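Notes follow once the structure below has been shown.
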Amino acid sequence: MTRATDIEQRASEWIIRSESGDFTDGMRADLERCCSTRNRITFLRIKEAWRRTSRMRSARPLDGNVDPDLLKHADLTFRTPQSNKRSGWPFWVAAAAGLTLILYLAGFAAWIHSLRPSWIKYTTSIGGYEHVTLADGSVIQLNTDSEIRTRLTARRREIQ
């Protein structure tokens, strides 16, 4: 027996037997013999869950119509819940809309940044001289140990 559901089924059966009034020492020895480490862990986990639900068992209806062999017919296997997978068209539409928005904002930011002119720096060393012609046709002459920054837009020329 290697499948987890088989082990859980077997552990559930042993717990039901151990809770019954006719659990003998021979049955207890059989339980100890069949419990490997993995089986024992499963048995203890299910037994703890069984212990925690004892209040629910005591809250059964008191009208006398309860089947005393209710647990013999019950499916006591533990099943892991299915993962909540994100699927279907609403998820994909929302994902596509989000991606489109991100791409639009990135393109808009790049466009705004490209419109803003950057500063251009011109320097001369000690004893140096430079004759600079700007894009608008104006000319600047830099003498020894000088530094300027220029920024040209369609409306104005800035020089620092």
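Can you compute the charge dipole magnitude of the stretch 11-51 about its Cα centre, using +1 on each Lys and Arg Cβ and -1 on each Asp and Glu Cβ, nothing else charged? Give it in debye, rounded to the nearest 20. All intermediate terms of the calculation are to be shown ahead of the outcome.
Details: 8 positive and 7 negative charges, 53 e Å.
Dipole about the Cα centre, nearest 20: 260 debye.
Between Ser36 and Asp6, the modelled labels are 1.0 nm apart [label points 7 Å from Cα along Cα→Cβ].
Ignoring ligands, DNA and RNA, what accessible area per residue does the stretch 93-145 give at 1.4 Å, in Å²?
On the way: 4130 Å² over 53 residues.
Roughly 78 Å² per residue, with all protein chains present.
Taking only protein heavy atoms and a 1.4 Å probe, the accessible area of the stretch 92-160 is 60% carbon and sulfur.
The values are calculated or read from the model by the stated rules, or taken from the named source; none is laboratory data. Quick caveat: nothing in here was measured; it's all calculated off a predicted structure. As a convention, Cβ positions derive from the backbone with ideal geometry for all residues, glycine included, and neighbour counts pool all protein chains shown. Side chains included, ligands, DNA and RNA excluded: accessible areas come from the protein's heavy atoms. Shrake-Rupley method; radii C 1.70, N 1.55, O 1.52, S 1.80 Å.
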